[in-house]
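First up is the structure itself, then whatever we jot down about it.
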There are 2 protein chains.
Amino acid sequence: MNALLVLVPIFGIIALGFTFWRSSWVGKQDPGTDTMKKIADNIAVGAMAFLRAEYKVLAIFVVCIAVLLAFMGFRDPENNSPLVAISFIVGAVCSALAGFIGMRVATKANVRTTNGARTSLGEGLKIAFAGGSVMGLGVVGLGLLGLGTLLLIFGNAIGTDADSIGKVMTIITGFSFGASSIALFARVGGGIYTKAADVGADLVGKVEAGIPEDHPLNPATIADNVGDNVGDVAGMGADLFESYVGSIIGTMVLGSVFMVLPEFSDLPLGGVLLPLLLAALGIVSSIIGTFLVRVKEGGSPHRALNIGEIVAGAILLIGAFIIIGQVLPEKWSFDGKEFSSMGVFGSIALGLISGIAIGYITEHYTGTGTKPVIGIVRQSVTGSATNIIAGLGVGMISTALPIIVLASTILASYHLAGLYGIAIAAVGMLSNTGIQLAVDAYGPISDNAGGIAEMSELEPEVRQRTDKLDAVGNTTAAIGKGFAIGSAALTALALFAAFKTTWEATHDATLSIEVTDPKVVAALFVGGMLPFLFSAFSMEAVGRAAMSMIEEVRRQFREIPGLKAGLDAMNRNDGKSMGDWSDDDRKVFDQAISEAEYGKCVEISTKAAIREMIKPGLLAVAAPVLVGFFGGAEMLGGLLAGVTVTGVLLALFQSNAGGAWDNAKKMIEEGYEVNGEKLGKGTEAHKAAVVGDTVGDPFKDTSGPSLNILLKLMSVVALVIASMI
Amino acid sequence: MNALLVLVPIFGIIALGFTFWRSSWVGKQDPGTDTMKKIADNIAVGAMAFLRAEYKVLAIFVVCIAVLLAFMGFRDPENNSPLVAISFIVGAVCSALAGFIGMRVATKANVRTTNGARTSLGEGLKIAFAGGSVMGLGVVGLGLLGLGTLLLIFGNAIGTDADSIGKVMTIITGFSFGASSIALFARVGGGIYTKAADVGADLVGKVEAGIPEDHPLNPATIADNVGDNVGDVAGMGADLFESYVGSIIGTMVLGSVFMVLPEFSDLPLGGVLLPLLLAALGIVSSIIGTFLVRVKEGGSPHRALNIGEIVAGAILLIGAFIIIGQVLPEKWSFDGKEFSSMGVFGSIALGLISGIAIGYITEHYTGTGTKPVIGIVRQSVTGSATNIIAGLGVGMISTALPIIVLASTILASYHLAGLYGIAIAAVGMLSNTGIQLAVDAYGPISDNAGGIAEMSELEPEVRQRTDKLDAVGNTTAAIGKGFAIGSAALTALALFAAFKTTWEATHDATLSIEVTDPKVVAALFVGGMLPFLFSAFSMEAVGRAAMSMIEEVRRQFREIPGLKAGLDAMNRNDGKSMGDWSDDDRKVFDQAISEAEYGKCVEISTKAAIREMIKPGLLAVAAPVLVGFFGGAEMLGGLLAGVTVTGVLLALFQSNAGGAWDNAKKMIEEGYEVNGEKLGKGTEAHKAAVVGDTVGDPFKDTSGPSLNILLKLMSVVALVIASMI
């Protein structure tokens, strides 16, 4: 069995090797013209500036928490250990590193995708997806390498027998906590950054007449493009890193209880190792899957991505079947419940399928041309108010089916394999994170590629190709968001179950969290309220940050004469293609662009995001600690249940409403007909749809996704402090 | 003790006598000019038409459910009784009757308030408040009379000793179920009606250029005014009727368990009778309070209403102290917990105070001139999108404090007097419903009075006076909504506790609803999702109904030539007061008004409301029944907990966001200054605020308040079927 223990980190290294190979391949591609290079460079510098600023703050936070963890470990070495601090730091560093790798390659791949699209659609897809797969495999590689190494080291030092494994697991939970901490700030900070820049850039056009939204003359443009990387690449990556790690650790904790059973005497670590082996398998299947993503000119990028994911899923199922046969006994019973290896396999399959199902349900509610989105388009004809009401309605109704899928998965996997079944279902959902995240991260890279094509004024067919890539990216982004929420819910439950198990093991008592106990009810209410408060904080943060962005743009147009002159030149040549401008005007325009202080806008977004992420971040960490220490384990349990339920619901509501508004706007722009009237840009319906889209932006890219982290983080904090309360 | 049993319904009769006296006083007041009378008549006819249509559908529903209840009672006479059907019918009839009485007097009081305001502010207030107090005392009178009579009859027939009281209580829970059923349809149907008419009338101006929103030329105007009565008078009345009755019954069930204790040998029914006696006391204090509501010209109506409420509250507290000394022993212990009469008194005081606190917190987040509302005003300057984002943010953040108050009340009252403490806190909060509802119902009456003043083109000072009354009405409405949500939460908990107690008593087992049990978790998720689904249904219903209203108004302007001519006349005299019009134009205008088919619009709203209330209504009744019978009592418990938590949060979020948007619009209309720029009607900020207000309308008047009912109804259904699952 110890051989398997060594095998796990090796698969992490394989993934990182793949990452390195694809990353240098991307680096070798041609970044195109000088203008393209310059724009891309601006974006890359801005993105790295944000990461640097963010990680500086995080370093302080991580050190403080690590000291605290070490202190608590020294105080109660019986149930706890100062080594938790080490795991915590390793987890935080791995997560941060994954974000760094992903951002670096994404900001290289964007411009190369644009350049690839100058040759063909297939070239563009190849580069964009290569960039995405670096993020995907980087996340799973670092996750598995970090976890596997910690288990190997602490397992060897302390022991991997039934008596020692609990101690080892207590230490390793710190890894998950570290990952969660980084994820929290990456998602919240990144989300605030991206939407402050986006909303700010959009609104500038409104308050200062004539400044276009996505145009080099708008000083907030670069910040807007940086935001795509900061939010959708690094933020999403940290989110899934956390789910990935959390679900594995939760399952390991639950699996460790089987070690005392006679059926496990030949393979004592079976229940603990299974999630790690599934993750290793997922790395293999993801890598194979990435090779199948290719498309010819005129082909469908969507189909290509689907083939990669389906093959990876099939490999995972077959492999899981074989692995389970090796590491689990055929049948066993624990705590009055019958288990079977086939039941565990069933749970894994359920997890995988329900992840896909939630993704497709999300697509139904948010995709272009679907009934709910058409409904929003129709309501846009009567103005912004009906557009908003319709979008809110779609967001609310879209919670029903995913919740039913989730509830069914919980019931069925519990029926099949108890609490362990629920946790391993989460692992099943997440084991293909490698390719799933590759597909997700492909989206913002294509989006950036389109922006660069626009700003560099390339031929229209380039923009058409990047648009085609981007359109698919929007769909995969929506699916990915649904998937992230579903996996967060199951991960939180796995961690919750691990919390209960750990508390009971360390206290030698039964933890009864009764819904009819008024203390639990009060905690349920407070827990349920936190996602609302958390969302409000992040939405308000976006509002404030967007306002400072507007102020900055106003200042630039007031104080930089060249910029104003550039705008005048543009207005003089209203509607004309730049080729038809007079030479003088072109010179004025080029001068304006060279004078625009893009960096100032990047700085404002960065500062605002860092400042604004503190309050919600502290709320998320402090709430479970305070309730746990002052209210006890029952109240903490109630708090977690409340946060998880409302958090998942609000996340679905906000993400889907935002996605639906976005695509309703797209449909109108593409000229959808309502009652025989062709809609399009400039119509009243379009104005209404723009309002909906702007409201949806912080919903789907800031407050919605941040909730995933909130619920996982609070569960993980509970797990870490379980032995102390 | 039997003497007290007879006393209870007598206080109900006293309240009804007061109702009758005030109602006929209102009827004797002068309804003013012929135009006023005609408009008021249109509103009254429309309101009654809606009630008739609604009650017709409800009658079918009530008969079906009653048959079902009787059948289930015959099948299992041991734990159940066919007599539940009788209580159910009596509850439904009492609630319906209360709605009828309230609507009748409100549609009389509105025009008389207008006429009173022609004399003085005080006259207007007197009549509007008299109308409101008929609704308030009607609700509590019918509630107490119905409950008291059922207890008297069934208590005499079956017995009021410890062995029989459980049976009696099982039968009486039907009363609460009946009240809830009516409330559901009154709130949902009324909510859809009022907002379909309101949004429809507002939007007409957008799609058909030039048609004013609140003007006799708009055929939807009367429907809009009917809506105020249907939603804010009848809907709110049924809502509080349900809370009032539900909290009393829940407490009675919990109090019945004390009867076996030796400390209760002298006053065995003490715990059962206490909520009824508090309610009786509340009738006395409410009546006294109403006499103190009076204002002189130039005085503050708000202050007058406050004095009434404060005095009523003080009387209640003093009276409660005395009553508790009479009907409860000084100390007793039950189920391992110590109780004291002072603990019970403390719980009552806590309930009363926290109800007021939640009301004032609501005012802070929604009131004119408060910081959150000013925030929305500021964000309106940059357009609709930022207005919407700001409003959603205020709605979300406004959930925090009320939840903390609620959670503290739950914890403290449980600490003071166990589950009984939580239930009696709900009774404490609700025992002054008489005057509380009088103040609430005063709002829509004043609103209507203002509309009638406008439509009858009375002197400007009349409108100024009704505006002053109306402004106070908006504040009291917001406070009332917060109060309704808070009381719904506590009532649901009281019913939930009663459900558990009843299940355990009839099954002779302990009901353990563990948050860590995956069945409970799955049910929590599904339960938490239902308020989202329910809200989506009602919002979509409003959207659809508003659209048919727009179609109808378009049709009238197309097919009724006089109406079009009237509009032309108005446009010809753009801005001129009607006195300055030419005689010909005035004739055209009068002709137009006489040709407008107001009734058609009323009919459309009515039909839409009735049709659209079915789906959410069935959802609310069917969900607990299905989960209870197929999933068992644990899952039903999880479902209830999920519904209650998310329901309360979504209700707060929606009501407060809606209220804040409404008042942000008002502040802009009143010329609030932002950055030295004076806002006002016609500014961009005002347009943005109108969008926010229109979005907020279904939030605060349809989907938000309907959730109160959802959570109470589902708890009451659980209580009714507790013995059967």
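The values are calculated or read from the model by the stated rules, or taken from the named source; none is laboratory data. Everything numeric here is computed off the predicted structure, so don't read it as measured data. Glycine gets a Cβ as well: all are built from the backbone with ideal geometry, and neighbour counts include every protein chain shown.
Some values worked out for this structure:
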{"read-out": "Output for the range A:88-128, where each listed residue is of a type outside the set (V, I, T) and touching a Ser or Thr at 6+ places or on another chain (Cβ under 7 Å)", "value": "A:G91, A:A92, A:A117, A:G124, A:A128"}
{"read-out": "Residues that are touching a Phe, Trp or Tyr at 6+ places or on another chain (Cβ under 6 Å) and small (G, A, S), drawn from the range B:153-187", "value": "B:G174, B:G178, B:A179"}
{"read-out": "All helices (runs of 4 or more DSSP H) inside the range B:318-423 with 2 or more residues being within 14 Å of another protein chain (Cβ to nearest Cβ) and over 30 Å from the mean Cα position of the chain (by Cα)", "value": "B:371-380, B:384-397"}
{"read-out": "Matching option when the condition is buried (at least 21 other Cβ atoms within 10 Å of the Cβ), within 20 Å of A:R22 (Cβ to Cβ) and either in contact (Cβ under 8 Å) with a residue 40 or more places away in the chain or among the small types (G, A, S) (or both), among A:T170, A:T114", "value": "A:T114"}
{"read-out": "Residue match in the range A:131-139 (condition: within 24 Å of A:G189 (Cα to Cα), polar (S, T, N, Q), touching a Gly at 6+ places or on another chain (Cβ under 6 Å) and in a helix (DSSP H, G or I))", "value": "no"}
{"read-out": "Qualifying residues in the range B:545-563 (those that are under 27 Å from the mean Cα position of the chain (by Cα) and at the interface with another protein chain (Cβ under 10 Å from one of its Cβ atoms)) - the one surrounded by the fewest Cβ atoms within 10 Å (Cβ to Cβ)", "value": "B:M547"}
{"read-out": "Out of B:D580, B:D568, B:D574, B:D585, sole residue that is free of Cβ contacts under 8 Å to residues at least 40 places away in the same chain, over 20 Å from B:I39 (Cα atoms) and either surrounded by 16 or more Cβ atoms within 10 Å (Cβ to Cβ) or among the β-branched types (V, I, T) (or both)", "value": "B:D585"}
{"read-out": "Test: residue in the range B:691-700 that is under 26 Å from B:T475 (Cα atoms), touching a strand residue (DSSP E or B) at 6+ places or on another chain (Cβ under 6 Å) and either surrounded by fewer than 24 Cβ atoms within 10 Å (Cβ to Cβ) or within 11 Å of chain A (Cβ to nearest Cβ) (or both)", "value": "no"}
{"read-out": "Number of the exception - B:E540 against (1) within 14 Å of chain A (Cβ to nearest Cβ); (2) surrounded by fewer than 17 Cβ atoms within 10 Å (Cβ to Cβ); (3) free of Cβ contacts under 8 Å to residues at least 12 places away in the same chain; (4) under 26 Å from the mean Cα position of the chain (by Cα)", "value": "(2)"}
{"read-out": "Criterion violated by A:R52 - all others in (1) surrounded by fewer than 22 Cβ atoms within 10 Å (Cβ to Cβ); (2) of a type outside the set (V, I, T); (3) modelled with pLDDT of 90 or more satisfied", "value": "(3)"}
{"read-out": "Qualifying position, being surrounded by fewer than 24 Cβ atoms within 10 Å (Cβ to Cβ) and small (G, A, S), among A:S265, A:S247, A:S243", "value": "A:S265"}
{"read-out": "First in the range B:614-636 and in a helix (DSSP H, G or I), second anywhere and among the polar types (S, T, N, Q), Cβ under 8 Å, 6 or more apart", "value": "B:P616/B:S538; B:P616/B:S706; B:V621/B:S181; B:E634/B:S512"}
{"read-out": "Residue in the range B:427-449 that is assigned to a loop (DSSP other than H, G, I, E, B), buried (at least 24 other Cβ atoms within 10 Å of the Cβ) and of a type outside the set (F, W, Y) present", "value": "yes"}
{"read-out": "Residue within the range A:647-658 that is touching a residue at least 24 places away in the same chain (Cβ under 8 Å) and not in a helix (DSSP H, G or I) present", "value": "no"}
{"read-out": "Filter result for the condition that a residue is within 14 Å of another protein chain (Cβ to nearest Cβ) and closer than 21 Å to A:E552 by Cβ, over A:E634, A:E612", "value": "A:E612"}
{"read-out": "Whichever residue in the range B:471-524 is in a helix (DSSP H, G or I), of a type in the set (D, E, K, R) and surrounded by fewer than 24 Cβ atoms within 10 Å (Cβ to Cβ) and, among such residues, is nearest to the other protein chains (Cβ to nearest Cβ)", "value": "B:K519"}
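For every residue, the table says whether it meets (1) farther than 30 Å from A:D228 by Cα; (2) in contact with a Gly (Cβ under 6 Å, 6 or more places away or on another chain).
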{"residue": "A:Q556", "(1), (2)": "no, no"}
{"residue": "A:W581", "(1), (2)": "yes, no"}
{"residue": "A:Q591", "(1), (2)": "no, yes"}
{"residue": "A:F630", "(1), (2)": "yes, no"}
{"residue": "A:T644", "(1), (2)": "no, no"}
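Results for (1) without any contact (Cβ under 8 Å) to a residue 60 or more places away in the chain; (2) hydroxyl-bearing (S, T, Y), shown as yes or no for each residue.
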site: A:M36; (1), (2): no, no
site: A:M48; (1), (2): yes, no
site: A:Y55; (1), (2): yes, yes
site: A:L83; (1), (2): no, no
site: A:V90; (1), (2): no, no
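Matching residues to (1) in a helix (DSSP H, G or I); (2) farther than 20 Å from A:L493 by Cβ:
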position: A:G237; (1), (2): yes, yes
position: A:L274; (1), (2): yes, no
position: A:R294; (1), (2): no, yes
position: A:A312; (1), (2): yes, yes
